[in-house]
Amino acid sequence: MNTAPTLGVMGILLIALLGCATHRQLPDFSLFSSKQHPTTLDQKGVIQTAISLLGAPYRFGGTTPQGFDCSGFINYVYRHSVGLVLPRESHDLARVGKPVPVADLRPADLVYFKIEGQKPLHVGIYIGDGKFVHAPSSKGKVNIQSLGLDYWKNRYRGARRII
């Protein structure tokens, strides 16, 4: 009996299984759409401040309404709404607070994304109903996006609760 073809098939199966084992599972953003959580005054303040900045331009290193980068936007919103001073860089922000599963996202949670070609993480503020507000990269303005869009779903890396 020739076992060479069997080993070849077994090798292909092993490679296929290993490929599946390293594949990152995309988040199921439909989980949070039916959950409504009470919103605290601090959470409302964060969301109101973030929404008030819609249309502010992007500026690398920016920390004011005259221009924000993503982490500058987060810092401004939290400092002006609830008096919290957070780390300035997104990779440091990703260590603050506690991790939150998608199914438990609440308004004012920070959401993180890995964008190709960028070393730091991109960060935004979850505002409820599957949406987040952020300061996108160059030529953008502070805006609201849906986590359910393939672009964001494929780049989602997690969330943290600060308040």
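Results, tabulated for the structure shown:
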| read-out | value |
| --- | --- |
| Charge tally in the Cβ shell below 12 Å around residue 59, where Lys, Arg are +1 and Asp, Glu are -1, residue 59 excluded | +1 |
| Computed lengthening from residue 59 to residue 92, 0.36 nm per intervening residue step minus Cα-Cα distance | 9.9 nm |
| Cβ-defined net charge surrounding residue 71, 9 Å radius [Lys, Arg +1; Asp, Glu -1] | -2 |
| Gain in span if fully extended, residue 52 to residue 137, counting 0.36 nm per residue against the direct Cα distance | 28.7 nm |
| Where labels lie 7 Å past Cα in the beta-carbon direction, separation of residue 144 and residue 44 in nm | 1.7 |
| Kirkwood Rh and Cα Rg combined as Rg over Rh, evaluated for the range 48-163 | 0.91 |
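No lab work stands behind these numbers, since they all come straight from the coordinates. All values derive from a computational prediction rather than experimental measurement. With ideal geometry, Cβ positions are generated from the backbone for all residues, glycine too; neighbour counts draw on all protein chains shown.
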